[in-house]
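Pasting a structure below so you can have a look.
The values are calculated or read from the model by the stated rules, or taken from the named source; none is laboratory data. Every value quoted in this text rests on a predicted model; they were computed, and no experiment measured them. Neighbour counts run over all protein chains shown; Cβ positions are idealised from the backbone, glycine included. Remember, those area values only see protein heavy atoms, side chains included, never the ligands or the DNA or RNA. Shrake-Rupley method; radii C 1.70, N 1.55, O 1.52, S 1.80 Å.
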Amino acid sequence: MTSDTKPIFDTLADEGSAIDWNRLLIEILSAFDCCTGTIHTLDQDSQLLHLKAYQGIPEFLLPKMTVIPIGKGMAGIAAERKRPVQICNLQTDESGVARPSAKETKVEGSITVPLMLNGRLYGVLGIAKPIPYEFTSEEEETLMQIGEAISRKIVS
């Protein structure tokens, strides 16, 4: 854990408070020097991901991101695989992982991590930079730890 992420973990460890999704996302974006992000939680009954917070997403894309099926786009694939999915440059990616409309976010380096606790999926966190970027294994691990801390708050 870097000192940049300590406030995130401190906020999530506060047992007496509910999650302020927008504030949490802003803290995560700041810690990882990102400009765009989303947090989705999983509806255990429908098995659909529901948007809880977003930053830097063009308004016209929101209808496509409000509810996401498992397996669709970066968020859905990270949820399906239960492991991080990243793209160094979303603008030039041809892997088929990202949906075509994702390019309209104008971001490049992006990662989506599942929110996991004890092997169970609770949602996904996606963040992105405006430049080509490959997140390090340390950053990926820290994001997974943040996801676990978020999942603990969802469960409690």
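Specify the residue with the greatest mean-square fluctuation among Pro63, Pro114, Pro132, computed from a Gaussian network of the chain linking alpha-carbon atoms under 10 Å apart.
Between Pro63, Pro114, Pro132, it is Pro63 that shows the largest mean-square fluctuation.
Regarding segment 10-77, what are the three Cα extents along the principal axes, ordered largest first, in Å?
Cα extents, longest axis first: 32, 29, 19 Å.
Could you state the number of Å between the C-alpha centres of segment 121-138 and segment 2-73?
Between the Cα centres of segment 2-73 and segment 121-138 lies a distance of 12 Å.
Apply the Karplus parameterisation 6.51 cos²θ - 1.76 cosθ + 1.60, with θ equal to phi minus 60°, to every residue of segment 14-19 and state each ³J(HN,Hα) to the nearest whole Hz, in sequence, with x for glycine and proline.
5, 5, x, 10, 7, 6
Which of Phe32, Phe60, Phe135 moves the most in a Gaussian network model of the chain with Cα springs under 10 Å?
Phe60
Measure off, as a whole percent, the carbon and sulfur share of the 1.4 Å-probe accessible area of the chain, all protein chains present.
Here it works out to 49 percent.
In deg cm²/dmol, rounded to 500, what helix-only [θ] at 222 nm does the chain give when every DSSP H run of at least 4 residues adds -39500 (n - 2.57) and the total is split over its residues?
-9500 deg cm²/dmol
Moving on. So, how do all the Cα-to-Cα distances of the chain break down into 10 Å bins, in percent, from 0 on up?
All Cα pairs considered, the percentages come to 11, 45, 36, 7, 0.
Taking only Cα atoms and a 10 Å spring cutoff, compute GNM fluctuations for the chain and point out the largest among Asp20, Asp45, Asp33.
Asp45
How much area per residue is accessible in the chain when the probe is 1.4 Å and only protein heavy atoms are counted (Å²)?
I get 51 Å² per residue for this part.
Right, here's the next one. Toward the positive end of the charge dipole of segment 1-83, about the Cα centre and with charges on Cβ (Lys, Arg +1; Asp, Glu -1), which of Ser30, Leu12, Pro63 goes farthest?
The residue sitting most towards the positive pole is Pro63.
Under 11 Å from the Cβ of Ala13, count the other residues' Cβ atoms, weight Lys and Arg +1, Asp and Glu -1, and hand me the total.
Here the count lands on 0.
Using the Karplus curve 6.51 cos²θ - 1.76 cosθ + 1.60 with θ = phi - 60°, work out ³J(HN,Hα) for each residue of segment 132-144 in order, rounded to whole Hz, and write x for Gly and Pro.
So the Karplus estimates, Gly and Pro as x, are x, 7, 10, 5, 6, 5, 5, 5, 4, 5, 5, 5, 5 Hz.
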